[in-house]
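Below is one structure, written out as structure tokens; the observations come after it.
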Amino acid sequence: MPVMKNVELVKKANIYFDGNVTSRSFVDENGVKKSLGVMMPGEYTFNTEDAEHMEIISGRVEVLIACGDSNWETIEAGDYFEVPANCSFDIKVLEVTDYCCTFIQ
């Protein structure tokens, strides 16, 4: 299991969609802002400010990115998807999903 050392953690949780999506934000030792979280099964829409690299650690989702020419794509454990800045994406969480989001500046 990968371990992240020397991080700056924000204790307050990010809670979305009545608690069905939660995460904790942190800054890694290289100064990169990230969040680790869990999504419960359901359908959600998120907006981005910064570009995002979303790694699916466990679980399975379907994603539709609103910017550009996109189709629904299935993402499983070990895979990732990226969303441009100032965009939105729809996500169908098919099973409980653990994720890591890296914010790209």
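The values are calculated or read from the model by the stated rules, or taken from the named source; none is laboratory data. Just so it is clear, the structure is predicted and the values come from calculations on it, not from any experiment. Every residue, glycine as well, gets a Cβ built from its backbone with ideal geometry; the counts of neighbours run over all protein chains shown.
Here is a yes/no grid of residues against (1) within 12 Å of the chain's Cα centre (by Cα); (2) modelled with pLDDT under 95:
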{"position": "ALA66", "(1), (2)": "no, yes"}
{"position": "TRP72", "(1), (2)": "no, no"}
{"position": "ALA77", "(1), (2)": "no, no"}
{"position": "PHE81", "(1), (2)": "yes, no"}
{"position": "PHE89", "(1), (2)": "yes, no"}
{"position": "VAL93", "(1), (2)": "yes, no"}
{"position": "CYS100", "(1), (2)": "yes, no"}
{"position": "PHE103", "(1), (2)": "yes, no"}
Exercise for review: Would you mind finding the one in SER70, SER88, SER58 that is closer than 22 Å to GLN105 by Cα and surrounded by 12 or more Cβ atoms within 10 Å (Cβ to Cβ)?
Suggested key: SER88
Exercise for review: Under 6 Å between Cβ atoms, at least 6 apart or on separate chains: pull out the pairs that start in the range 26-45 with a residue that is without any contact (Cβ under 8 Å) to a residue 24 or more places away in the chain and end on any residue that is assigned to a loop (DSSP other than H, G, I, E, B) and β-branched (Val, Ile, Thr).
Suggested key: PHE26/VAL7
Practice item. With the checklist (1) β-branched (Val, Ile, Thr); (2) touching a residue at least 40 places away in the same chain (Cβ under 8 Å); (3) surrounded by 15 or more Cβ atoms within 10 Å (Cβ to Cβ) in hand, flag the one item ILE75 doesn't pass. Key: (2)
Review point. Any idea how many residues of the range 11-25 are surrounded by 13 or more Cβ atoms within 10 Å (Cβ to Cβ) and either among the basic types (Lys, Arg) or at pLDDT below 95 (or both)?
Key: 1
